[in-house]
Amino acid sequence: MIKIAFISRSTLFTSPGGDTCQMEETAKNLRKKGVLVDIYLCKQSIDYTSYDLLHFFNIIRPADIIKHIRLSGKPFVVSTIFVQYGTVNAGGKQGLLKRIFSEDGLEYIKVIARALKNGEKIVSPSYIWRGHRRSIQYIAKRAAYLLPNSESEYKRLSAKYDVDAKYHVVPNGIDTELVNKKYPYSEEYKDSILCMGRIESRKNQLNLVRALSNTAYKVYIHGKASPNAVAYLEQCKKEAAENIKINGWLDGEHLYTAYSNAKVHVLPSYFETTGLSSLEAAVMGCNIVVTDKGDTRDYFKDYAWYCEPDDVNSIKNAVDAAYKAPYNESFRQYILQHYTWERAAEETLSVYKQVLNLE
């Protein structure tokens, strides 16, 4: 039996995001294939001798990773989930910092700030003197494989950090068990506009609020603010008209009931490697509105309606067009063929076997 330790950020469950879903679903489907998978937060102590291989998530948080590489002596792979926050249009203090520091410099400052403000321990002290860029390069050059979610993601990482590493694309997916269930009619969500995701400036819910307030649409924004985005959430609530409801997470059957009754799902993000909620909503029958900032075109091709995140008229026009259009059933079949967690587990397991010389 192959034994794997999944390791990720300390806020994986207190501030869940797409990486949380990716880890949990990949682990669940690997276990179905006979792989032993344990999930750890980076701050936890790990008996490395119990595992054949380590699997890290989020290369943009190298301070969470380096210590475990050095102490374990184990081969490792990294699901890169390479988000670039430099594309986010930030105001206030954050905007000022972006004008002064490089993207890597800002990420370095964020690590220090999370330690001082939020009490997130800097797991790898060497990150302090190595810096953000060199820390990412250190990890990428030593990894047995990098596992980006798309070809586009690897190309961005390679270009930015001058990395030439072994890699294997492991696409994100949908839960076919949830997709194939029957969900009840919901008067609340019927023909509504949805936006599911962590509430923060990168996801750009504020411009969605501005684009759709006081329209005829019923709009539901569901998510939890990241630790440093509480003020952003409050601004969204302050500007939302009565036709827009902003609430916490939906999960499981509640989430899929909303998807199956809604008409359009909007994720007008400044950056997405995939946009898991877009993938989930699309397979449940929603037309989707996204931006092309990041790797979304690799996933959604010409099936989605694309908008500019900084332009509220562009967001509104894309929503109007998506709302009027019939759903394309071939989109659902395309997703079921290419983007499932079963396939993600198969691709991941094939890499493990190569690294461990089992193939």
In region 8-25, the residues that are crowded, with 19+ Cβ neighbours inside 10 Å, part of a helix (DSSP H, G or I) and free of Cβ contacts under 8 Å to residues at least 60 places away in the same chain:
T20, M23
Restricting attention to region 98-141, which residues are among the acidic types (D, E) and either in a loop (DSSP other than H, G, I, E, B) or over 24 Å from F76 (Cα atoms) (or both)?
E103, E120
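Results for (1) surrounded by fewer than 21 Cβ atoms within 10 Å (Cβ to Cβ); (2) over 12 Å from H222 (Cβ atoms); (3) of a type outside the set (D, E, K, R); (4) not assigned by TED's automatic domain parsing to the domain that holds S226, shown as yes or no for each residue.
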| position | (1), (2), (3), (4) |
| --- | --- |
| E239 | yes, yes, no, no |
| K245 | yes, no, no, no |
| P268 | no, yes, yes, no |
| N287 | no, yes, yes, no |
Residue satisfying condition, being closer than 15 Å to V179 by Cα and out of contact with any helix residue (DSSP H, G or I) (no Cβ under 9 Å at 6 or more places or on another chain), within set N261, N247
N261
If H55 meets every condition in (1) buried (at least 20 other Cβ atoms within 10 Å of the Cβ); (2) at pLDDT below 95 apart from one, which number is that one?
(2)
If I go through region 175-201 residue by residue, how many of them are in a loop (DSSP other than H, G, I, E, B) and more than 23 Å from S269 (Cβ to Cβ)?
11
Only one of G92, G73 is assigned by TED's automatic domain parsing to the domain that holds A344, modelled with pLDDT of 80 or more and either at positive phi or out of contact with any Phe, Trp or Tyr (no Cβ under 8 Å at 6 or more places or on another chain) (or both); which?
G73
Only one of I199, I174 is over 28 Å from L336 (Cβ atoms), in contact with a Leu (Cβ under 7 Å, 6 or more places away or on another chain) and not acidic (D, E). Can you tell me which?
I199
Enumeration of residues in region 215-247 that are among the β-branched types (V, I, T) and either assigned to a loop (DSSP other than H, G, I, E, B) or touching a Pro at 6+ places or on another chain (Cβ under 9 Å) (or both):
T215
Can you name every one of the helices (runs of 4 or more DSSP H) wholly within region 248-359 that holds 3 or more residues which are among the β-branched types (V, I, T)?
312-324, 341-355
Just name the residue that is farthest from the chain's Cα centre (by Cα) out of those in region 191-234 that are β-branched (V, I, T) and over 17 Å from S260 (Cα atoms).
T215
Scanning region 158-175 for residues that are more than 16 Å from the chain's Cα centre (by Cα) and in contact (Cβ under 8 Å) with a residue 24 or more places away in the chain gives K160, Y161, D162, V163, A165, H168
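The values are calculated or read from the model by the stated rules, or taken from the named source; none is laboratory data. Note that the coordinates shown come from a computational prediction; the quantities given were computed from them, not determined experimentally. All Cβ positions, glycine included, derive from the backbone under ideal geometry; neighbour counts span all protein chains shown.
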